1. Does residue 223 fit the bill of being part of a helix (DSSP H, G or I) and either β-branched (Val, Ile, Thr) or at pLDDT below 90 (or both)?
2. For the range 347-380, name all the residues that are among the polar types (S, T, N, Q) and within 27 Å of the chain's Cα centre (by Cα).
3. Could you say which residue among 255, 286, 251, 292 is closer than 22 Å to residue 44 by Cα, without any contact (Cβ under 8 Å) to a residue 40 or more places away in the chain and part of a helix (DSSP H, G or I)?
4. For residue 344, indicate whether it is at pLDDT below 80, within 30 Å of residue 184 (Cβ to Cβ) and in a helix (DSSP H, G or I).
5. Just to be sure before I move on: is residue 218 assigned to a loop (DSSP other than H, G, I, E, B) and closer than 30 Å to residue 298 by Cα in the structure I sent?
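The values are calculated or read from the model by the stated rules, or taken from the named source; none is laboratory data. Because the structure is predicted, anything quoted here is derived from the model rather than measured. Here the Cβ is made from the backbone with ideal geometry for all residues, glycine too, and neighbour counts use every protein chain on show.
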Amino acid sequence: MPPSHPHSHGPDPDAAPPEPGVLAGRRRAVPLMLVVLVPIALATVLGLLLLWPSGTPGRAERAALQAVPAGTTFPHATVSKITPYDCSVADQTGAPQQLTCATLVVKITDGAAAGQFQQVDVPAEVVAYGLHEGDEIVLQADQGAEGGPTYLFADYARTTPMIVLAIAFVLVVGAVARLRGLRALLGLAVAFVVLLKFVLPALLEGSSPTWVTLTGASAIMFVVLYLAHGFSARTTTALLGTLFGLALTAVLGEVAVGVSRLTGFSSEATLQLQQFDPTLDFSGLVIAGVVVAGLGILNDVTITQASSIWQLHEVDPALSGRELYRRGMAIGRDHIASTVYTLVFAYAGVALPLLLLFEISRRPAGAVLTGSLVAEEVIRALVGGIALVLAVPVTTAIGAAVAKVSATDRVGGLAGLRAKVSR
């Protein structure tokens with residue numbers, strides 16, 4: 001019966017402590033990988049320094065501020081009374097379309113007007129979705145030239161359910177993954193800080209989307225991987241594989257976007273952003289989106305693969321480098337088969353409304369797939385998938401090579417090192 005393939009994201013906490021020889025091998029492996037990793041880390045720091053945003057509002061930010069009337073606020077309110085009324089209109093065929101709108105009496109719960117009651121009209125789609133007395137909503141308060149502000153329905157208030165879900169998420173992660181899970185959450189917080197303080201402002205200032213996201217993604221991975229999994233040979237192997245995957249994603253994205261002539265204008269958000277600042281590199285934003293989307297799944301694949309390689313090596317240190325790579329790839333192929341589905345269906349889920357729209361259209365399937373709206377999602381999935389798949393053999397090769405080199409006998413010297421590498 002063939003041995004089972006491990007699928008792990010780190011050392012088993014219930015396993016016996018590693019033998020002294022294994023620990024010595026791990027310690028010897030880290031300096032070897034740092035020879036490659038330190039220059040990459042320095043390049044990442046240099047990229048952060050060179051591309052760090054100035055803090056001055058860019059053209060898009062200034063235009064967005066001007067688009068909102070001065071003094072506009074968004075206070076929360078509680079629905080006190082609902083008075084429905086008929087607002088039916090004729091549809092495209094001329095037939096009457098039965099619609100019900102409503103007038104709300106709401107009590108403002110925050111801001112300068114807290115405690116005041118206001119009357120607000122809401123459209124039929126809001127009433128149809130479901131609106132009840134006691135519901136919390138968000139208003140848009142526009143300061144008029146004369147008199148008091150004018151209040152409009154802006155959105156539903158989702159603060160409470162989102163906070164409850166966030167707390168539940170933290171508790172579940174902490175209960176199941178314990179300290180490692182909490183460290184992963186801390187790493188996630190660091191990742192959001194990098195995105196909000198570096199990546200997004202730098203993109204809005206017009207810096208190269210490819211270089212900005214590649215630099216930001218590298219910085220995130222340095223922090224997230226070591227914070228969640230600790231400083232070890234396994235984690236360093238995974239980090240090198242992840243950085244390779246990110247770089248490959250950026251390169252393939254540049255080529256694919258250029259050859260396919262993707263403009264990036266595939267959503268209402270990008271069209272609105274173009275109105276604010278038409279000088280932004282929207283094709284580059286497509287590449288940036290692919291790189292950011294690949295962060296999590298690349299991390300998952302490489303850390304699993306690195307852990308598997310080191311476990312195989314520690315179970316049987318006599319395995320040659322070639323055999324270690326072969327067995328590691330047997331595990332990697334299983335992981336590739338599952339993560340490819342994950343990647344494709346994740347993109348399909350995001351684009352589901354778009355797919356439904358094309359499902360009811362009468363255009364040929366080929367025309368739909370190659371149209372700019374769908375083609376952008378397809379190319380994102382394909383580029384991310386190629387980088388994901390190739391990251392597996394690269395991570396496996398790095399892990400196998402370093403594991404064998406680190407296993408060099410202390411008495412073997414340079415001759416032993418050469419013998420290990422040549423196997």
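1. Details: part of a helix (DSSP H, G or I): yes; either β-branched (Val, Ile, Thr) or at pLDDT below 90 (or both): yes.
So residue 223 fits the description; yes.
2. Of the residues in the range 347-380, the ones among the polar types (S, T, N, Q) are 361, 370, 372.
The answer is 370, 372.
3. On the way: 255 fails: closer than 22 Å to residue 44 by Cα; 286 fails: without any contact (Cβ under 8 Å) to a residue 40 or more places away in the chain; 292 fails: without any contact (Cβ under 8 Å) to a residue 40 or more places away in the chain.
Exactly one of 255, 286, 251, 292 is closer than 22 Å to residue 44 by Cα, without any contact (Cβ under 8 Å) to a residue 40 or more places away in the chain and part of a helix (DSSP H, G or I), namely 251.
4. Details: at pLDDT below 80: yes; within 30 Å of residue 184 (Cβ to Cβ): yes; in a helix (DSSP H, G or I): yes.
So residue 344 fits the description; yes.
5. Working: assigned to a loop (DSSP other than H, G, I, E, B): no; closer than 30 Å to residue 298 by Cα: yes.
For residue 218, the condition - assigned to a loop (DSSP other than H, G, I, E, B) and closer than 30 Å to residue 298 by Cα - is not met.
Rundown of residues vs (1) assigned to a helix (DSSP H, G or I); (2) touching a residue at least 40 places away in the same chain (Cβ under 8 Å), yes/no style:
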| position | (1), (2) |
| --- | --- |
| 139 | no, yes |
| 154 | no, yes |
| 160 | yes, no |
| 184 | yes, yes |
| 187 | yes, yes |
| 192 | yes, no |
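Conditions tested, residue by residue: (1) over 25 Å from residue 50 (Cα atoms); (2) outside the structural domain of residue 31 (by TED's automatic domain parsing); (3) surrounded by 11 or more Cβ atoms within 10 Å (Cβ to Cβ).
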residue	(1), (2), (3)
149	yes, yes, yes
152	yes, yes, yes
171	yes, no, no
183	yes, no, yes
195	no, no, yes
200	no, no, yes
207	no, no, yes
219	no, no, yes
232	yes, no, yes
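Yes/no per residue for (1) part of a helix (DSSP H, G or I); (2) at negative phi:
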site	(1), (2)
63	yes, yes
66	yes, yes
82	no, yes
101	no, yes
107	no, yes
114	no, yes
120	no, yes
134	no, no
148	no, yes
